[in-house]
There are 2 protein chains.
Amino acid sequence: MDTFIEKLRRAGRANDSLLCVGLDPDPDLIPSGVALDVFNRSIIDATKDLVCAFKPNLAFYEQYGIEGLKALDSTMAAIPDEIPVIGDAKRGDLGNTAAAYAKALFETWEFDAATVNPYLGRDSIEPFLEYNWKGVFVLCRTSNPGSADLQSLNMLDNKGDTLPLYQRVALMADSLNSRANVGLVVGATQPQELKWVRERCPTMPLLIPGIGAQGGDVATTVRNGVDASGEMAVINSSRAITYASGGGDFAEAARAAAIRARDLMRDARPQTQM
Amino acid sequence: MDTFIEKLRRAGRANDSLLCVGLDPDPDLIPSGVALDVFNRSIIDATKDLVCAFKPNLAFYEQYGIEGLKALDSTMAAIPDEIPVIGDAKRGDLGNTAAAYAKALFETWEFDAATVNPYLGRDSIEPFLEYNWKGVFVLCRTSNPGSADLQSLNMLDNKGDTLPLYQRVALMADSLNSRANVGLVVGATQPQELKWVRERCPTMPLLIPGIGAQGGDVATTVRNGVDASGEMAVINSSRAITYASGGGDFAEAARAAAIRARDLMRDARPQTQM
């Protein structure tokens, strides 16, 4: 069985893509009369040869309770086996509770990777890492304006040096990476922070939200985010692709938007690579 | 309609209790042949006149996928209307995603309060706070050993003073409390931290896990955790009550354990209060 990293690399090479399409269904934006899971299936079919991963954010399904989770189930079934699926859940809890979340995401839902929140510390991440063939993306520097509230605060280390909290989180995640299954979430809205993280964690997969509407520049994101092989940057786009058109041509429009995004990312890759 | 705070105060006074019973079903500990929702219903019936709140942790339901959420649904239906229910979900996400989680917890599941993770900053908490009649418990200092990894780090403020991250989070939560619907999660395993938070946030409800197996002393927790009226400390106990017996007498054993815990907390309340 492929590990998440192997599956990610394989899909990224097959589709020559750093693009991850976020599957975050919003009924206000889906053409009327189209069911949520039907919408997702159409988006998947229209973009599956253009992506390195898909990323459903669980919030958009959970808001509809059990019906929403049935739509997630049907969405998961529509994704081809060879494309890795990142469960964007941002869970963080302690001990046996974290183990229950890891079971939910990796065994019950069968995500290939998941996002986790570091605030509760190492022992809240460890139960996810025990699934050594899965990927665990630790939130480091998120793409929202409020990310600075805590993540940019400077802390004093025990040598009297200062470093911002997100860097401390990156170092903690790096120290947990003995199974080579840890990644980090770093927003495209913070190019210097992304650059720092890539330099400090040269081989980790980085999940990068925040291009497009949130303001992250694609070419800069690619340059700062890829590893030495021009890979391992998983650059997410959700609404710019899934809602490229609000009409009946939404799937064709999504495909066109995904091609543009994929090509823009590909063209920005350093030339010596792949 | 009562706000969460009013409902919490009313239930706490009616049952003369600071005890919150955590509903975290673990099939390894539930007597064989007893379905998860039947088990929860029995626990609720056996303890509902002894508690100020119930607290299901969503992880324990999500690990069973859609079937688990059906059990959560049936659990919610078994809780009397007058007892507030805290959805322990520890969600944290950005903008419209946080809004979807808030909708899931407050509208779809109809929790009276929820726990949220502060790592993404103010704008990740705000969508929950807009439900001004609900309660929002921000994770501050959790009860697990790894909580020290980040929460105890000393952060520099802009005057060059240092304060630990959990205090910075408490101050941020306090600054978000214009609707009087913010609370904090502070573990009983950290008595000095709990004392600091209560002094700094004299009226907030505090959700306090970590007594019993995790090592927090009940009397110290009550003294450090209550407000000036001897209320607003929501002291959680899960396994020590729900699994007091692994046999067919689990409900009677849970009731006996809940009476002991409730009385221990009541006896530790400062005498001048209520």
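The values are calculated or read from the model by the stated rules, or taken from the named source; none is laboratory data. Here the structure is a predicted model, which means the values were calculated and not measured. Cβ atoms come from the backbone with ideal geometry, glycine included; neighbour counts cover every protein chain shown.
Any residue in the range B:183-194 that is among the small types (Gly, Ala, Ser) and without any contact (Cβ under 8 Å) to a residue 60 or more places away in the chain?
The first filter runs over the range B:183-194 and keeps only residues among the small types (Gly, Ala, Ser), leaving B:183, B:187-188.
This time we only want the ones that are without any contact (Cβ under 8 Å) to a residue 60 or more places away in the chain, so: B:187-188.
Yes; the residues of the range B:183-194 include at least one that is among the small types (Gly, Ala, Ser) and without any contact (Cβ under 8 Å) to a residue 60 or more places away in the chain.
Of the numbered conditions (1) within 9 Å of another protein chain (Cβ to nearest Cβ); (2) buried (at least 24 other Cβ atoms within 10 Å of the Cβ), A:Asn144 fails exactly one; give the number of that condition.
Only one criterion is unmet by A:Asn144, namely (2).
Exactly one of (1) farther than 27 Å from B:Ser147 by Cα; (2) in a helix (DSSP H, G or I); (3) touching a Cys at 6+ places or on another chain (Cβ under 8 Å) is unmet by A:Leu264. Its number?
Among (1) farther than 27 Å from B:Ser147 by Cα; (2) in a helix (DSSP H, G or I); (3) touching a Cys at 6+ places or on another chain (Cβ under 8 Å), A:Leu264 violates only (3).
Take A:Asn57 and tell me if it is crowded, with 24+ Cβ neighbours inside 10 Å, of a type in the set (S, T, N, Q) and closer than 18 Å to A:Ala244 by Cα.
On the way: crowded, with 24+ Cβ neighbours inside 10 Å: yes; of a type in the set (S, T, N, Q): yes; closer than 18 Å to A:Ala244 by Cα: no.
Criteria not met by A:Asn57.
Just one of (1) modelled with pLDDT under 95; (2) in a helix (DSSP H, G or I) trips up A:Phe39, so point out which.
Condition (1) is where A:Phe39 drops out.
For B:Lys55, indicate whether it is of a type in the set (Lys, Arg) and either more than 14 Å from chain A (Cβ to nearest Cβ) or within 19 Å of the chain's Cα centre (by Cα) (or both). Full working, then the answer.
Numbers: of a type in the set (Lys, Arg): yes; either more than 14 Å from chain A (Cβ to nearest Cβ) or within 19 Å of the chain's Cα centre (by Cα) (or both): yes.
Judged against the criteria, B:Lys55 is a match.
From B:Asn132, B:Asn177, B:Asn224, which residue is part of a loop (DSSP other than H, G, I, E, B), out of contact with any Asp or Glu (no Cβ under 8 Å at 6 or more places or on another chain) and surrounded by 16 or more Cβ atoms within 10 Å (Cβ to Cβ)? Walk me through how you get there before you give the answer.
Values: B:Asn132 fails: surrounded by 16 or more Cβ atoms within 10 Å (Cβ to Cβ); B:Asn224 fails: part of a loop (DSSP other than H, G, I, E, B).
Being part of a loop (DSSP other than H, G, I, E, B), out of contact with any Asp or Glu (no Cβ under 8 Å at 6 or more places or on another chain) and surrounded by 16 or more Cβ atoms within 10 Å (Cβ to Cβ) holds for just one of B:Asn132, B:Asn177, B:Asn224, which is B:Asn177.
Are any of the residues in the range B:199-210 in a loop (DSSP other than H, G, I, E, B) and at pLDDT below 95?
The first filter runs over the range B:199-210 and keeps only residues in a loop (DSSP other than H, G, I, E, B), leaving B:201-205, B:209-210.
Next, from what is left, pick out any that are at pLDDT below 95: B:210.
Yes: the range B:199-210 contains one or more residues that are in a loop (DSSP other than H, G, I, E, B) and at pLDDT below 95.
Which residue, of B:Ala188, B:Ala148, B:Ala170, B:Ala180, is modelled with pLDDT of 95 or more, within 24 Å of A:Tyr166 (Cβ to Cβ) and of a type in the set (Gly, Ala, Ser)?
B:Ala170
Is it fair to say B:Glu126 is modelled with pLDDT of 95 or more, touching a helix residue (DSSP H, G or I) at 6+ places or on another chain (Cβ under 8 Å) and on the phi > 0 side of the Ramachandran plot? So that I can check it myself, show each step before the final result.
Values: modelled with pLDDT of 95 or more: yes; touching a helix residue (DSSP H, G or I) at 6+ places or on another chain (Cβ under 8 Å): yes; on the phi > 0 side of the Ramachandran plot: no.
Spelling it out, it is not the case that B:Glu126 is modelled with pLDDT of 95 or more, touching a helix residue (DSSP H, G or I) at 6+ places or on another chain (Cβ under 8 Å) and on the phi > 0 side of the Ramachandran plot.
Between A:Val182, A:Val136, A:Val186, which is more than 24 Å from B:Ala170 (Cα to Cα) and in contact with a Cys (Cβ under 7 Å, 6 or more places away or on another chain)?
Details: A:Val182 fails: in contact with a Cys (Cβ under 7 Å, 6 or more places away or on another chain); A:Val136 fails: in contact with a Cys (Cβ under 7 Å, 6 or more places away or on another chain).
Just a single option satisfies the conditions, and that option is A:Val186.
Counting only residues that are among the aliphatic types (A, V, I, L, M), closer than 15 Å to B:Met172 by Cβ and touching a residue at least 40 places away in the same chain (Cβ under 8 Å), how many does the range B:89-129 have?
Of the residues in that region, 2 qualify.
Enumerate the pairs (first residue in the range A:151-179 and within 30 Å of A:Trp133 (Cα to Cα); second residue anywhere and of a type in the set (D, E, K, R) and not in a helix (DSSP H, G or I)) with beta-carbon separation below 8 Å, excluding pairs fewer than 6 apart on the same chain, so at least 6 apart or on different chains.
Here the result reads A:Gln151/A:Arg141; A:Tyr166/A:Arg141; A:Arg168/A:Asp157, each pair linking the range A:151-179 to a residue that is of a type in the set (D, E, K, R) and not in a helix (DSSP H, G or I).
Would it be correct to say that A:Val21 is surrounded by fewer than 24 Cβ atoms within 10 Å (Cβ to Cβ) and not in a helix (DSSP H, G or I)? Please lay out each step first, then the result.
Working: surrounded by fewer than 24 Cβ atoms within 10 Å (Cβ to Cβ): no; not in a helix (DSSP H, G or I): yes.
Against the criterion (surrounded by fewer than 24 Cβ atoms within 10 Å (Cβ to Cβ) and not in a helix (DSSP H, G or I)), A:Val21 does not qualify.
Out of B:Ala114, B:Ala78, B:Ala71, B:Ala98, report the one residue that is under 15 Å from A:Arg91 (Cα atoms), modelled with pLDDT of 95 or more and more than 9 Å from chain A (Cβ to nearest Cβ). Outline the logic, then answer.
On the way: B:Ala78 fails: under 15 Å from A:Arg91 (Cα atoms); B:Ala71 fails: under 15 Å from A:Arg91 (Cα atoms); B:Ala98 fails: more than 9 Å from chain A (Cβ to nearest Cβ).
Answer to the selection: B:Ala114.
All but one of (1) over 21 Å from A:Ile235 (Cα atoms); (2) not in a loop (DSSP other than H, G, I, E, B) hold for A:Leu120; state the number of the condition that does not hold.
(2)
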